[in-house]
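Once you've had a glance at the structure underneath, I'll fire off some questions.
The values are calculated or read from the model by the stated rules, or taken from the named source; none is laboratory data. Every value quoted in this text rests on a predicted model; they were computed, and no experiment measured them. All Cβ positions, even for glycine, are placed from backbone atoms using ideal geometry, and neighbour counts span all protein chains on display. To get the accessible areas, we keep the full protein, side chains included, count just its heavy atoms, and leave off ligands, DNA and RNA. Shrake-Rupley method; radii C 1.70, N 1.55, O 1.52, S 1.80 Å.
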Amino acid sequence: MKFKSDLKYSAVTPEATYLNRRALLGGLAGGAALGSGLLSAAPARAQDAPDFEIKGFDTTEAPNTFEEITSYNNFYEFGTGKEDPARNAHTLTTDPWAVEIDGLVDNPGSYDLADILSKVDIDERIYRFRCVEAWSMVIPWNGFELNQLLTLAGIQSSAKYVRFETLFRPEEMPGQKRALLDWPYVEGLRLDEAMHPLTLMATGLYGKELPNQNGAPLRLVVPWKYGFKSIKSIVKITLTDTQPLNTWKSINAREYGFYSNVNPEVSHPRWTQSSERRIGGGLFAKRLETVKFNGYEEQVGDLYKGLDLTKNY
Ligand SMILES: Nc1nc2c(c(=O)[nH]1)N[C@H]1C(S)=C(S)[C@@H](COP(=O)(O)O)O[C@H]1N2
Ligand SMILES: [Mo]
């Protein structure tokens with residue numbers, strides 16, 4: 001795998017110092033000024049600083065802990081409880097893994113994950129993550145921009161949307177033995193959303209291999225959209241000219257749309273989307289205000305010029 005920058009310590013340093021070093025490196029020209037005294041300062045919790053900035057690709061907020069990110073999950077293939085995926089997902093075989101790419105591409109076929117990883121640039125991205133259920137986290141992902149993979153596949157000019165499918169393997173995914181959802185889980189993006197540099201194919205977090213409960217070995221991350229758009233354990237990608245029907249919209253189109261951009265102004269029919277609970281904040285933490293496009297309006301607002309976001313929710 002190639003790394004975009006040579007200032008990547010995450011793979012070789014423990015998580016605690018990684019966070020501090022990364023925060024420091026953001027404000028320094030190089031790594032020379034790193035001192036052990038500075039490194040020992042604990043990062044502030046998000047609740048201490050409800051204001052945030054997006055610098056480059058990263059949010060300035062403190063990430064959630066590895067423990068929080070890997071123990072509170074939505075992955076219905078392993079059960080509907082937040083703790084079910086961490087308990088059950090160890091049964092999933094993630095190696096070997098291949099992704100079938102078909103539809104409106106010049107180079108359709110089965111792409112071996114190891115082969116994909118040898119051709120893309122792995123980056124680190126600290127993204128805000130907002131579930132439609134109104135909880136949120138800050139997650140340091142590792143992964144590559146989806147546009148790199150789609151470019152390898154050769155996008156044909158008639159392609160307008162990208163459809164994604166999760167693995168269907170009920171022997172290893174016990175939730176798929178029940179008719180909870182119409183399996184396999186399906187998601188979709190408009191092609192310009194899929195090509196946006198923020199749209200990530202995650203392969204890891206905190207510099208470690210992606211844990212199964214987070215969608216190993218390959219999952220989508222679209223930080224300005226509700227979490228259900230970020231489909232896990234992807235085995236199929238199809239370029240199409242028609243809008244794909246995503247799983248949650250197929251179940252309840254009144255509550256879950258195709259776009260699902262984070263939007264405090266458009267309530268879910270059963271709850272407000274104007275605020276959110278940051279995981280790890282504790283029982284008495286103040287709810288945070290939800291921000292349009294989850295804080296990424298400057299980067300992605302132009303994609304939706306002229307679109308009625310109330311109708312296209
Ligand atoms: N295949 C699949 N992908 C999925 C889901 C799922 O149940 N199955 N849940 C979605 C929802 S609702 C959310 S909020 C995120 C959760 O990601 P995380 O567990 O890594 O935080 O995954 C999304 N991707
Ligand atoms: Mo979600």
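What single numbered condition from (1) within 16 Å of ligand 1 (Cβ to nearest atom); (2) in contact with a Lys or Arg (Cβ under 6 Å, 6 or more places away or on another chain) fails to hold for Phe129?
It is condition (2) that Phe129 fails.
Each row is one residue, and each column tells you yes or no for (1) within 16 Å of Asn214 (Cα to Cα); (2) modelled with pLDDT of 95 or more; (3) of a type in the set (Asp, Glu).
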{"residue": "Asp102", "(1), (2), (3)": "no, yes, yes"}
{"residue": "Ser110", "(1), (2), (3)": "no, yes, no"}
{"residue": "Leu117", "(1), (2), (3)": "no, yes, no"}
{"residue": "Phe129", "(1), (2), (3)": "yes, yes, no"}
{"residue": "Pro140", "(1), (2), (3)": "yes, yes, no"}
{"residue": "Ala153", "(1), (2), (3)": "no, yes, no"}
{"residue": "Val162", "(1), (2), (3)": "no, yes, no"}
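Given Thr247, Thr272, Thr290, which one is among the hydroxyl-bearing types (Ser, Thr, Tyr), within 18 Å of the chain's Cα centre (by Cα), modelled with pLDDT of 95 or more and more than 20 Å from Asp182 (Cα to Cα)?
Exactly one of Thr247, Thr272, Thr290 is among the hydroxyl-bearing types (Ser, Thr, Tyr), within 18 Å of the chain's Cα centre (by Cα), modelled with pLDDT of 95 or more and more than 20 Å from Asp182 (Cα to Cα), namely Thr290.
Take region 137-160 and flag every residue that is of a type outside the set (A, V, I, L, M) and buried (at least 21 other Cβ atoms within 10 Å of the Cβ).
Pro140, Trp141, Asn142, Gly143, Phe144, Glu145
Then there's this: Taking into account only those residues within region 78-136 that are of a type in the set (Ser, Thr, Tyr) and within 16 Å of ligand 2 (Cβ to nearest atom), which is most open to solvent (accessible area, probe 1.4 Å)?
Restricting to residues being of a type in the set (Ser, Thr, Tyr) and within 16 Å of ligand 2 (Cβ to nearest atom), the top hit is Thr80.
Select from region 128-178 the residues that are out of contact with any strand residue (DSSP E or B) (no Cβ under 6 Å at 6 or more places or on another chain) and hydroxyl-bearing (Ser, Thr, Tyr) and list them in ascending order.
Matches in region 128-178: Thr151, Ser157, Ser158, Thr166.
Anything in region 162-191 that is in contact with a helix residue (DSSP H, G or I) (Cβ under 6 Å, 6 or more places away or on another chain) and closer than 30 Å to Gln299 by Cβ? List them, or say none.
Val162, Tyr185, Val186, Glu187
Tell me which residues, restricted to region 68-77, are in a helix (DSSP H, G or I) and crowded, with 19+ Cβ neighbours inside 10 Å.
The answer is Ile69, Thr70, Tyr76, Glu77.
A follow-up question, please. Would you confirm whether any residue within region 110-124 is of a type in the set (Asp, Glu), within 26 Å of Thr91 (Cα to Cα) and within 16 Å of ligand 1 (Cβ to nearest atom)?
no
So Leu189 ticks every box in (1) part of a strand (DSSP E or B); (2) surrounded by fewer than 24 Cβ atoms within 10 Å (Cβ to Cβ); (3) aliphatic (A, V, I, L, M) but one. Which box is left unticked?
It fails just one condition, (2).
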